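None of the figures in this text is laboratory data; all of them are computed from the coordinates on show. Since we're looking at a predicted model, the values are computed, not measured. Don't worry about glycine lacking a Cβ; one is built from the backbone with ideal geometry, like all the others, and counts go over all protein chains shown.
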Amino acid sequence: MSETIKTDVLIIGAGPVGLFAVFELGLLDIKAQLVDILDKVGGQCAELYPEKPIYDIPGIPFITGHGLTDALMQQIKPFHPTFHLGEMVTTLEKIGEPLFRLRTDAGKTFEAKCVVIAAGGGSFQPKRPPIQGIEPYEEKSVFYAVRKMDAFRDKRLLVVGGGDSALDWTLNLQPIAKRLTLVHRRDEFRGAPDSVNKMRALVAAGGMDLKIGQVTALEGGDGKLTACSIKGNDGALSRIEVDAMLPFFGLTMKLGPVADWGLRMEDELIPAETAAFETNIPGLFAIGDINTYPGKLKLILSGFHEAALMAQKAHRYVYPEKKLVFQYTTSSTSLQKKLGVA
Amino acid sequence: MPKITYIEHDGTAHTVEGELGSTVMETALRNDVASIVAECGGSCTCATCLVHVDEKWFTVVGPPSAEEEEQIDAAFEVKPTSRLSCQIKVTEALDGLVVYTPAYQGR
């Protein structure tokens, strides 16, 4: 068991709203740590539209998703938040009034006085190909990520996809695999040109196979894959014997484990009251796209407002004995000291 | 206004009016065509608004751009006439357009 990480507030989701929550909490001397399933901060801004313009951030006529993420990271720098990236919070239990214990899929345990769910549209998880009967093979011989390369040594592998993940794992696993076949729907690849060239050279030298088409059926039993059927673009069917398949079709947002935490849910959203965006569980807040209340708009600016009000209430839980005096960053020396500008 | 027909995988057909200048994806969402997900809201980054353009209409609609084609790599059951509906602008020339929506957009 690893040591329990103790923090005032654990924020689930490091998108724009989760990041800004660090700022609002920080002004009130509340320390926060963040967990995000992506390997980078920014949430949808980073994953879905890093280069696309956003026109409705107050006071900023135009900014990209990437630009907004960078600006928020700069804004919260004085508060030194700790990030736990590439991890998903899997369990949450209430162990005090309020005090929460949370665990991640990477084996970390947290104890936090308050929890802020800022998980947007849910967690980004790999897209599952619509191949009938794929579920029993998942995590046994169908993998959407590579955790230990050695698990694939001397195996017959089928990698599916045309982007960087598919190409990178093709190149990394080809030397240790018994045989590797890459399947993609067209004979063009969107991955880095260098990776494409290396893959093509391996195919030309007979070190691996490339098939153009789509995987249509799986064969095997008890979670153990034995063969895959591939339909070529000309309609021709072929069959390849394999021990494992690795499909890489990008990510999609799924609600994930949040649904199992005893929260009241409405249409995959978490109802929150509008004075502090607290859920039905005291000390557990929901802000940003994942919450719902009368009049809710899924806008980043609404999430920022929700973060500010949440922080006021969180202060009562974190510092029950302290009176909170409302202050402006423009005029308060104490706030300016916290921001490192006084 | 141009009429667009969406035929879902189970055969349910929706014939609706598209607003000029909007997209085939936006028109689907406005009219509750459930099989269009459009997770990224039209940024051409998620491939969850795939449609198969009716073969007769494909020459009018035209092929995807290179950027769109790359995104289609992350879609499933792709056909030669598949497009991302967020990248098809509604024009007068598309009056009568028929598109088929897939059973599964990846979520």
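Cross-link partners among lysines for residue B:3, C-alpha distance below 23 Å, same-chain residues fewer than 8 apart left out?
Partners within reach: B:56, B:89.
Taking H as built 1.01 Å from N, whose amide H comes closer than 5 Å to the amide H of residue A:291, not counting residues under 5 places away?
Correct list: A:270.
Could you tell me the number of lysine pairs in segment A:1-145 with C-alpha atoms less than 29 Å from each other, where the two lysines are 8 or more residues apart or belong to different chains?
Summing the qualifying lysine pairs gives 27.
How much length is gained on full extension from residue A:97 to residue A:316, taking 0.36 nm per residue of separation minus their Cα-Cα distance?
77.7 nm
Take chain A, connect every pair of alpha-carbon atoms lying under 10 Å apart with a spring to form a Gaussian network, then pick out the residue of A:203, A:116, A:41 with the largest mean-square fluctuation.
The residue that fluctuates most here is A:203.
What FRET efficiency comes out for residue A:222 versus residue A:52 if R0 is 45 angstrom and r is the Cβ-Cβ distance? Round to the nearest 0.05.
The formula returns an efficiency of 0.50 here.
Which one of A:291, A:172, A:280 has the biggest mean-square fluctuation once chain A is modelled by GNM with Cα springs under 10 Å?
A:172
Grab the beta carbon distance between residue A:73 and residue A:209, set R0 = 51 Å, and tell me the FRET efficiency rounded to 0.05.
The formula returns an efficiency of 0.75 here.
In a shell of Cβ-Cβ distance under 10 Å around residue A:244, excluding residue A:244 itself, what net charge do Lys and Arg (+1) and Asp and Glu (-1) give?
On the way: positive: A:140, A:155, A:156, A:224; negative: A:243.
So the environment of residue A:244 carries a net charge of +3.
Compute the longest continuous run of chain A that contains no exposed chymotrypsin sites (Phe, Trp or Tyr not before Pro); treat a site as exposed when its DSSP state is not H, G, I, E or B and it has at most 12 other Cβ atoms within 10 Å.
No qualifying site falls inside A:63-325, the longest such stretch.
Between residue A:188 and residue A:176, what is the spin-label point distance in nm, taking each point 7 Å from the Cα along the Cα→C-beta axis?
My value for the distance between the label points is 3.4 nm.
With springs connecting C-alpha atoms under 10 Å apart, model chain B as a Gaussian network and identify which of B:84, B:50, B:29 has the largest mean-square fluctuation.
Taking springs between Cα atoms under 10 Å, the residue moving most is B:29.
What is the diffusion coefficient of chain A in µm²/s, taking the Kirkwood radius over Cα pairs and the Stokes-Einstein relation at 10 °C with a viscosity of 1.306 mPa s?
71
Just grab the label-to-label distance for residue A:260 and residue B:93, each label 7 Å out from Cα along the Cβ direction, in nm (one decimal).
Those two pseudo-labels are separated by 5.2 nm.
Please arrange A:187, A:164 by counting, for each residue, the other beta carbons lying within 10 Å of its beta carbon, fewest first.
A:187, A:164
Classify segment A:128-249 as rounded, prolate or oblate from the Cα gyration tensor: take a ≥ b ≥ c as the square roots of its eigenvalues, call it rounded if a/c is under 1.5, otherwise prolate when a/b beats b/c and oblate if not.
Taking the square roots of the gyration eigenvalues as a ≥ b ≥ c, segment A:128-249 is oblate.
Under 16 Å between alpha carbons, and skipping anything fewer than 8 positions from residue A:337 in its own chain: which aspartates and glutamates qualify?
Reachable aspartates and glutamates: A:24, A:29.
Sort by residue number and name the cysteines in chain B that have no neighbouring cysteine Cβ under 4.7 Å.
B:44, B:49, B:86
Give me a comma-separated list of calculated 3J(HN,Hα) values for segment A:90-103, in order, Karplus coefficients 6.51, -1.76, 1.60 applied at θ = phi - 60°, integers in Hz, x for any Gly or Pro.
9, 10, 9, 9, 8, 10, x, 10, x, 7, 10, 10, 10, 10
Share of antiparallel DSSP beta bridges in segment B:3-100, in percent to the nearest 5?
Here the share of antiparallel DSSP bridges comes out near 75 percent.
Tell me which residues come under 5 Å, amide H to amide H, from residue A:177 once H is placed; ignore anything under 5 positions away on its chain.
Residues meeting the amide H criterion: A:154.
With a ≥ b ≥ c the root eigenvalues of the C-alpha gyration tensor of chain B, is it rounded (a/c under 1.5), prolate (a/b larger than b/c) or oblate?
rounded
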